[in-house]
1. Based on alpha-carbon positions alone, could you give the equivalent ellipsoid semi-axes of the chain from the gyration tensor, as √(5λ), descending, whole Å?
2. Given 10 °C and 1.306 mPa s, compute D for the range 209-350 with the Stokes-Einstein relation, Rh being the Kirkwood radius over Cα pairs; round to the nearest whole µm²/s.
3. Among DSSP beta bridges whose residues both lie in the chain, state the antiparallel percentage, nearest 5.
4. So which trypsin sites (Lys or Arg not before Pro) in the range 148-245 end up in coil per DSSP with only 14 or fewer other C-beta atoms within 10 Å?
5. Report the rotationally averaged projected area of the range 102-251 based on its alpha-carbon convex hull, in square nanometres.
6. With the cut-off at 29 Å, tell me which of the pairs K16/K269; K14/K332; K85/K214; K3/K326; K204/K340; K85/K271 have Cα atoms farther apart than that.
7. Out of the GluC sites (Glu not before Pro) in the range 265-343, which ones are loop residues according to DSSP with at most 14 other C-beta atoms within 10 Å?
8. How big is the gap, in Å, between the Cα center of the range 175-214 and the Cα center of the range 245-322?
Amino acid sequence: MAKILEEIHLKHMKIKNRIVRSATHCFLGTKEGAMTEAEYAMYQELAANDVGLIITGHCSVSPTGMANEDQTAIYDDAFIPQLKKLHTLVSKYGAKVVAQINHAGPRAVNHEDLAGVSAAELKKGKVARELTIEEIAQIKTEFINAAYRVKQSGLDGVQLHVAHSYLLSQFIDTTFNHRTDAYGGTVENRFRLIREIVVGIKEKCGEEFPLFIKINNDSRTDDLAYEQDLLYMLQELAKLGVEAVELSGVDFISQPRTATNYYVERITKIKKAVPELPIILVGGVRSLADMDQVLESGIDMVSLSRPFICEPDIIQRLLNGQEKSKCLNCSKCFALPRIKPGIRCVLKRK
Ligand SMILES: Cc1cc2nc3c(=O)[nH]c(=O)nc-3n(C[C@H](O)[C@H](O)[C@H](O)COP(=O)(O)O)c2cc1C
């Protein structure tokens, strides 16, 4: 049996195999933050096609933290039933489903008063101001309440988005964080907000409710210092009882088209340093050989995003002998107008 098909037992969650659909915003929601039938159909198709763990596209914890106009929202109890429905639909197939929760910070759409970890000049002549301590406390509460709504919906767990330059990832990374108060400076201070949110979620949702974290393995500035900081943060997350950490990277879009397993070297090193923490690798996994390399390196699970947009049944195709995903790594799935529900891929234009 292929190694990816082996069952895995994390801290509290048993998953039927090692395959994760990484959080992928699918541009299918309404402007009011609701999930649509096309979105449910997309998740069902993934669940029916061998994905053990589905992570939803990022759901916004705040009306002022939306990263996209058509993004799923989780900032009000009114959004609980839609996740409940999602869970009912995908768990029929034996898949687990976890909601990713996020705050876009200075990358928020349809919001004038942009604020981030520190003041910054943004694209298109926009600027962001530094969040006040009171606002940080409010954002912490928004994350904890959002996680509790996910729990109330019956979903299998929640994932905090601490990657890809959204607000939480900015706190930990000196590229963005220039604060001089309790949330800036030392790694302990830069990690403070994540710790407070994790502790708050554990208190409110219970120790057993699975809490995942997605975090960058690298940084655009002072990457060696970031690597040291990351080890500290992962050790702390292990002690705090997180379920697993999914390691991504800052530059997955600009990787050479033919590159695969972008971060396997760094992440293998990290796994060896924090063996007690289950690790999921995402970025450029395209073939069974790539997946075997990841798992044989001691990393616990493999996660894919763009290949599932291109071929939702990619796992069966690989198991049936297709050498690798047809995904061109062009990342036009971010930018193409919607062609038909759920599909934004140059290979499916007709
Ligand atoms: C269209 C699109 C939407 C994405 N949305 C999210 C998201 O909501 N949350 C997130 O953490 N990552 C998101 N990502 C990043 C992916 O989860 C993944 O980390 C990245 O694409 C690298 O994996 P891949 O090489 O398998 O595509 C998105 C990627 C794409 C292409």
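Here, each number is a calculation from the coordinates, and none is a lab measurement. Since we're looking at a predicted model, the values are computed, not measured. Cβ: placed from backbone, ideal geometry, glycine included. Neighbour counts: every protein chain shown.
1. Values for the chain, descending: 28, 23, 21 Å.
2. Estimated via Stokes-Einstein, D reaches 97 µm²/s.
3. Taking every DSSP beta bridge with both residues in the chain, the antiparallel ones total about 15 percent.
4. Of the trypsin sites (Lys or Arg not before Pro), the ones in loops of the range 148-245 whose Cβ has at most 14 other Cβ atoms within 10 Å are R220.
5. Details: hull surface 35.6 nm².
It is 8.9 nm².
6. Pairs exceeding 29 Å: K14/K332; K204/K340; K85/K271.
7. When the GluC sites (Glu not before Pro) of the range 265-343 are filtered for loop state and at most 14 Cβ neighbours within 10 Å, E276, E323 remain.
8. So the separation of the two Cα centres works out to 26 Å.
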